[in-house]
1. Quick one: count up the residues across the stretch 71-81 that are more than 23 Å from GLN138 (Cβ to Cβ) and touching a Lys or Arg at 6+ places or on another chain (Cβ under 9 Å).
2. Could you tell me which of the residues LEU47, LEU5 is in contact with an Asp or Glu (Cβ under 9 Å, 6 or more places away or on another chain), aliphatic (A, V, I, L, M), on the phi < 0 side of the Ramachandran plot and at pLDDT 95 or above?
3. Can you tell me which residues in the stretch 86-132 are assigned to a helix (DSSP H, G or I) and in contact with a Gly (Cβ under 7 Å, 6 or more places away or on another chain)?
4. Among the residues of the stretch 6-60, what is the count of those that are of a type in the set (S, T, N, Q) and out of contact with any helix residue (DSSP H, G or I) (no Cβ under 6 Å at 6 or more places or on another chain)?
5. Please verify whether ALA86 is hydrophobic (A, V, I, L, M, F, W, C) and surrounded by 14 or more Cβ atoms within 10 Å (Cβ to Cβ), treating the condition exactly as stated.
6. What do you reckon, is ALA69 buried (at least 21 other Cβ atoms within 10 Å of the Cβ) and under 20 Å from PRO33 (Cβ atoms)?
7. Test ARG260 against the criterion of being charged (D, E, K, R) and touching a Cys at 6+ places or on another chain (Cβ under 6 Å), and give yes or no.
8. Can you confirm whether ALA29 is of a type in the set (A, V, I, L, M, F, W, C), closer than 30 Å to HIS229 by Cβ and part of a helix (DSSP H, G or I)?
Amino acid sequence: MLGALAGDTIGSVLEFSRNTDPAFTLFTAHSCPTDDGLLTGAIAQALLDGQTDFRPYLIEAVRRTEGSAAPMSPCWGSGFYGWALAGGTYDKDSYGNGAAMRVSPVAWVGRDEAEVLELAALTAQPSHCHPEGIKGAQCTALCVWVARQTRDQAAVRAAAERFYPDLPTWDFVQKNHRYNETCQGCVPDCVTLATECESFEETIRAACSIRGDADTLAAIAGAISHALHGVPTDIRQETIARTQPHYPWLVQTLADFEARYGA
């Protein structure tokens, strides 16, 4: 959970910037979790409550942040927001990258690969039930789980290739990535960043400097990199400091999740 939350918070001020400079300031006065971190927290809370029906938790995350005064208020995707406001009464056929950015908690809870994949599909089903949405969520979750088990970047890449056989190189991503909000346009590139960078901070800086959907790329790649490398103490502290004033319940969920699952 922390890797996704930290990545989202750092990337929040760069979401629409088309940034190409990896030497940006990690945290600014406006750095704050967006919808990526909030929905990751919703998935984590459901798991803490022993629930696998994630629908009401996703909808509640939207309700709880209505009228937020945070410096970077949640920028909900229009389709997801409409679905949530309508009560989430149907399964939305989306393949947006939202399926992948919120899924990481299941990789700390699932006891084996099969359970991780099952839980990942369940997190996506309510609002991202398109096959590409399910695939993006499952690939991300499996990568985090394999990273936890092995700390091996090559093993993580091999796991991702079961879903996306033609993963790009870092050089290709750096030269060719453009703003994209789909699972298939983001997850393979995020796997490459996480498996070719050598630290959490390097991964986040890369994710936020390829002209893309910075906060979501950093949430997905950050979740994988967290499991590979851990999150530095200073980044953890800064992330919590920027979350607590606006979303204290999210900080509590993080604390509870780490206490139970060692995440």
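1. Adding up the residues that qualify gives 1.
2. On inspection, the qualifying residue turns out to be LEU5.
3. GLY98, ALA99, ALA100, VAL116, LEU119, ALA124
4. The initial filter retains those residues of the stretch 6-60 that are of a type in the set (S, T, N, Q), namely 9, 12, 17, 19-20, 25, 28, 31, 34, 40, 45, 51-52.
Applying the additional criterion that residues be out of contact with any helix residue (DSSP H, G or I) (no Cβ under 6 Å at 6 or more places or on another chain) yields 17, 19-20, 25, 51.
Qualifying residue count for the region: 5.
5. Working: hydrophobic (A, V, I, L, M, F, W, C): yes; surrounded by 14 or more Cβ atoms within 10 Å (Cβ to Cβ): no.
No; evaluated as a whole, the condition is false for this residue.
6. no
7. Details: charged (D, E, K, R): yes; touching a Cys at 6+ places or on another chain (Cβ under 6 Å): no.
Answer is no for this residue.
8. Criteria not met by ALA29.
The values are calculated or read from the model by the stated rules, or taken from the named source; none is laboratory data. Keep in mind it's a predicted model, so treat the numbers as computed, not measured. We place every Cβ from the backbone using ideal geometry, glycine too, and count neighbours over all the protein chains shown.
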